[in-house]
1. Read phi for every residue in the range 36-53 and hand back ³J(HN,Hα) as whole Hz from Karplus 6.51 cos²θ - 1.76 cosθ + 1.60, θ = phi - 60°, with x for Gly and Pro.
2. Contour minus end-to-end for residue 117 and residue 177, with contour as 0.36 nm per residue of separation and end-to-end as the Cα-Cα distance?
3. What FRET efficiency comes out for residue 44 versus residue 152 if R0 is 25 angstrom and r is the Cβ-Cβ distance? Round to the nearest 0.05.
4. Let me have the 222 nm mean residue ellipticity of the chain computed from DSSP H runs of 4+ only, each contributing -39500 (n - 2.57), with the sum over all residues rounded to the nearest 500.
5. Express in whole angstrom the spacing between the alpha-carbon centres of the range 38-64 and the range 108-178.
Amino acid sequence: MKKWIACMLVLAVCCSLFGCLAKTTAVERFLAATVKMDLSAMRAELIPDETTGSFYRKLKNASLRDEAVSALRDLYALVQYTIGETTTQNGGKQTVAVTLKAPDMERIRSLIDAQMMVSGDSPEKILGDMLEDGQISGNMMKEYTVSVTMTESDGDWKIPWGDKENADFAKALSLGEMIDFMD
């Protein structure tokens, strides 16, 4: 009987530990989807917003060619992140500290634009060449420390994405701009 109770106790402790490990924030799920360039999984972590110009709508309506998705996946695979402390605030909000190391998207877009004018190559080809020769991973990475706000929506935590909330997070990743650029 004692062995049975001890086994049940060990099983309960293991289950609770695995349960704690399995919990991830919307921010972590969003970043994991970003690295894979999984647009629908990224959209699932955002607060639904169908207004014109919203990032949610942009993800939903993106008509990227397979080559563009592949190039963006290769680019965003360089993103490294560390999820820090999650703090609960009043009013159904949580904040997650995130440290990011991401490609300098503004600089990359500018270089691709210039190269397209000279060579006439597609942005996917130019980006592929930049990734292949190590130019981006070598000297075009920037570090960011951002605080990402999540809002409770339908019993789950979601990320509002816009000019007001999470603007630093949006700027660090420049997802909307890169999707527009490659679209």
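1. Once θ is set to phi - 60°, the couplings for the range 36-53 become 8, 6, 8, 4, 5, 5, 5, 4, 5, 9, 9, 5, x, 9, 9, 5, 4, x Hz.
2. 19.7 nm
3. The calculated FRET efficiency here is 0.95.
4. Value at 222 nm, helices only: -16500 deg cm²/dmol.
5. A separation of 15 Å, based on Cα centres.
Values in this text are rule-based calculations from the coordinates and carry no lab data. In this text, all values refer to a predicted model and were calculated from it rather than measured experimentally. Positions of Cβ are generated from backbone atoms using ideal geometry, with glycine treated the same way; all protein chains shown enter the neighbour counts.
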